[in-house]
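Engineer: Below you'll find the structure I mean.
The values are calculated or read from the model by the stated rules, or taken from the named source; none is laboratory data. Because the structure is predicted, anything quoted here is derived from the model rather than measured. Here the Cβ is made from the backbone with ideal geometry for all residues, glycine too, and neighbour counts use every protein chain on show. Heads up: the accessible areas ignore ligands, DNA and RNA and are worked out on the full protein's heavy atoms, side chains in. Shrake-Rupley method; radii C 1.70, N 1.55, O 1.52, S 1.80 Å.
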Amino acid sequence: MGNVSIVVGAQWGDEGKGKWIDILARDTEIVARFQGGNNAGHTLYVDGQKVVLKQIPSGIFHPGKISTLCSGVVVNPSQLVAEIDMVAAFVKLVPERLWLSARAHVISPWHIHLDTKAESEAANPIGTTKRGIGPTYAEKANRTGIRLGDYVNNAHRQDWYETLSKSNPKFAAHRQAHADQWQEFEDAAAKLAPFVVDAEHMVREQIKAGKRVLLEGAQGALLDINHGTYPFVTSSETAAGGAFASLGFAPRSIDKIYGVAKAYVTRVGSGAFPTELKDSVGEHMAKVGKEFGAVTGRPRRCGWLDAVALRYSGAISGYDGLILNKMDILTGLDEIKVCIAYEHPVHGRIENFPWDHAILAECKPVYKSFKGWTEELPQGGKISDLNKNALDYVNGVEEILGFPVSMVGTGVNRQDALFR
Ligand code: GDP
Ligand code: IMO
Ligand code: MG
């Protein structure tokens, strides 16, 4: 059995990964983010105070643990400096505790400009977070990007400016027109330099030495660049497999893989969403669940749990267990539904999540119904402590999915967690 565990989003993001990483980090020595950038917003509560982490891994509030960003992450330097300062109110971050991969690519003001421009000019915008994520990954794939190790090296950073300016006059013009943004970008380099290391090598050494590592995903499986609802996806590999590529380690080191799902579904941005509700139930989920984006503040679209999508998500990442989160938000609803199949006007009944976004957009959900409950859910304890209807729902979901629900979330705090 290995000593590396992975926690990923099982839906379209914002499932509550931050809270669960914070809980599971208790039993680990290192927490590593393996993809995404500051498009992520992971919320947790430290001593009752709400904290939203965008780049720093969510295990950071456990004293003495190491946090690291691996090669598959894209880093916004000035935002990361601001986040290190924000976290300093709780824990002082020294380089021994925060390892930033020299291989991670850097988001610059230019990439943010490109993202914003593409979204504003698109006929069908993706609804990105406008954080420059797509253009930075595109530049990486195009082999014209800048990695953190080169960014913190003054000469290499200047070389990158020069190379890009020569090949693209608009880049040079942007640097001139937005000198303040580029100055901020420059200033962050010296501040981050002490943290930049060969993080992948260091983590592998720790794995070899028997230390436990928890890999933190951002976004969710349905936003995966390969397996998600393309083109309405993010630009990285959000499913569990992305972790192997980013960190560079043997899959046999894996112990457990967990997917985090809400007990319903939310989605921010555009794209098909078969179980979306535009009625009073959807409003209940949005209002009680406080469904507003942690990064952009946009309202999240809400709907019933989609088991077709979740089975697919489980198949991609191989969950040992599903974490069914925010169960408390369903309290008070008379009836709770789970989508078990889709009905398509041409293709009939569909049980496998379609690769074609146009087909998904035409799918209507086929529901199985469960009885609701009005009792408050326990804050802490065992899943079997749930009231009968809530327990029937959890067991029903497990049966429909074909893999275990191993944890349940019933509130925003660390202790609001039920285990099997
Ligand atoms: P992440 O991106 O997956 O880490 O999730 P976000 O932080 O973007 O969104 C999850 C939201 O739900 C946050 O506001 C959390 O504080 C909140 N949350 C997490 N778990 C629970 C839960 O079990 N119950 C309730 N009511 N809220 C939760
Ligand atoms: P966490 O880690 C929810 C969505 C955006 C958009 C699409 C592409 O907090 O779960 P991008 O800026 O990545 O190019 O946007 O992906 N998106 C998220 N949705 N949670 C996130 O992160 C997200 N990160 C990106 O809304 O639809
Ligand atoms: Mg989030």
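Engineer: What number of lysine-lysine pairs in the range 127-196 show an alpha-carbon separation below 20 angstrom, given a sequence spacing of 8 or more or placement on distinct chains?
Structural biologist: Details: Lys130/Lys140; Lys130/Lys170; Lys140/Lys166; Lys140/Lys170.
Eligible lysine pairs with Cα atoms under 20 Å apart amount to 4.
Engineer: So if I average 1/r over every pair of distinct C-alpha atoms in the range 1-82 and take the inverse, what Kirkwood radius in Å does that give? Write down the numbers at each step before the final one.
Structural biologist: On the way: mean 1/r = 0.0757 Å⁻¹.
Evaluated on the range 1-82, it is 13.2 Å.
Engineer: To continue, here is another question. Quote the relative contact order of the chain in percent (integer), defining contacts as alpha-carbon pairs under 8 Å separated by 6+ residues.
Structural biologist: Relative contact order comes out at 20 percent.
Engineer: Also: Using the heavy atoms of the protein chains and a 1.4 angstrom probe, tell me the accessible area per residue for the range 181-224 in square angstrom. Spell out each step's value before the answer.
Structural biologist: Working: 1810 Å² over 44 residues.
Dividing the accessible area of the range 181-224 by its residue count gives 41 Å².
Engineer: If you don't mind, another one. I'd like to check one number: the per residue accessible area of the range 312-420, probe 1.4 Å, reported in Å² as a whole number. Could the numbers behind the result be given before it?
Structural biologist: Details: 5220 Å² over 109 residues.
About 48 Å² of surface per residue is accessible.
Engineer: Could you run the Karplus curve 6.51 cos²θ - 1.76 cosθ + 1.60 with θ = phi - 60° over the range 250-256 and give me ³J(HN,Hα) per residue in whole Hz, x for Gly and Pro?
Structural biologist: 6, x, 5, 6, 6, 9, 10
Engineer: Rounded to the nearest 500, what is the chain's calculated 222 nm mean residue ellipticity when only DSSP H runs of at least 4 contribute -39500 (n - 2.57) each, over all residues?
Structural biologist: Details: 14 runs with 138 residues, N = 420.
The per-residue figure over the chain is -9500 deg cm²/dmol.
Engineer: Still on this structure, please answer the following. Among Ala263, Leu215, Ala361, whose Cα sits farthest toward the positive end of the charge dipole of the chain (+1 at Cβ of Lys/Arg, -1 at Cβ of Asp/Glu, about the Cα centre)?
Structural biologist: Most positive-ward Cα: Leu215.
Engineer: Computing the accessible area with a 1.4 Å probe over protein heavy atoms, can you report the carbon and sulfur percentage for the range 203-334? Display every interim value, and only then the final one.
Structural biologist: Details: 2420 of 4750 Å².
For the range 203-334, the apolar C and S fraction of the accessible surface comes to 51 percent.
Engineer: How high is the relative contact order of the range 231-369, in percent, counting Cα pairs under 8 Å that sit 6 or more residues apart?
Structural biologist: Working: 204 pairs, mean separation 39.1, N = 139.
Worked out over the range 231-369, it gives 28 percent.
Engineer: Here are some pairs, Lys19/Lys371; Lys17/Lys371; Lys287/Lys371; Lys65/Lys262; which of them have Cα atoms lying more than 24 Å apart in this structure?
Structural biologist: On the way: Lys19/Lys371 28 Å; Lys17/Lys371 27 Å; Lys287/Lys371 21 Å; Lys65/Lys262 27 Å.
Long pairs (Cα-Cα over 24 Å): Lys19/Lys371; Lys17/Lys371; Lys65/Lys262.
Engineer: In terms of modelled amide H atoms, which long-range or inter-chain residues lie less than 5 Å from the amide H of Gly372?
Structural biologist: Counting only residues 5 or more places away or on other chains, the set is Glu335, Ile336.
Engineer: Shifting gears a bit: Calculate the tail of P(r) for the chain: the fraction of all Cα-Cα distances greater than 33 Å, expressed in %. Walk me through the numbers before you get to the answer.
Structural biologist: Details: 28335 of 87990 pairs.
The answer is 32 percent, as a whole percent.
Engineer: Return the percentage of antiparallel bridges among DSSP beta bridges fully within the range 180-334, rounded to the nearest 5 %. Don't jump to the answer; show the numbers that get you there.
Structural biologist: Working: 5 of 10 bridges.
Here the antiparallel bridges make up roughly 50 percent for the range 180-334.
Engineer: Mind telling me which of Asn168, Asn39, Asn325 comes out most flexible in a GNM of the chain, alpha-carbon contacts under 10 Å?
Structural biologist: Asn168
Engineer: Using a Gaussian network for the chain with springs between C-alpha atoms less than 10 Å apart, which of these wobbles most: Asp385, Asp180, Asp22?
Structural biologist: Asp180
Engineer: Using all alpha carbons of the range 188-328, what is the percent of pairwise distances in each 5 Å bin, ordered from the shortest bin to the longest?
Structural biologist: Once binned at 5 Å, the Cα pair distances of the range 188-328 give 2, 8, 15, 18, 17, 14, 11, 8, 5, 2, 0.
Engineer: Going through the cross-link list Lys256/Lys326; Lys278/Lys368; Lys54/Lys382, which pairs have a Cα-Cα distance over 26 Å in this structure?
Structural biologist: Working: Lys256/Lys326 22 Å; Lys278/Lys368 19 Å; Lys54/Lys382 31 Å.
Those over the limit are Lys54/Lys382.
Engineer: On to the next question. Restricting to the chain, compute how many DSSP beta bridges are antiparallel as a %, nearest 5. Can you show the working numbers first?
Structural biologist: Details: 25 of 62 bridges.
Taking every DSSP beta bridge with both residues in the chain, the antiparallel ones total about 40 percent.
Engineer: Here is a follow-up. Please give me the summed charge of the neighbours of Pro345: other residues whose Cβ is under 12 Å from its Cβ, Lys and Arg +1, Asp and Glu -1.
Structural biologist: Numbers: positive: Arg349, Lys364; negative: Glu343, Glu362.
So the surrounding residues net to 0.
Engineer: Rounded to the nearest Å, what's the spacing between the alpha carbon centres of the range 185-226 and the range 267-304? Just the number, please.
Structural biologist: Spelled out, the Cα-based centre of one part sits 31 Å from the other.
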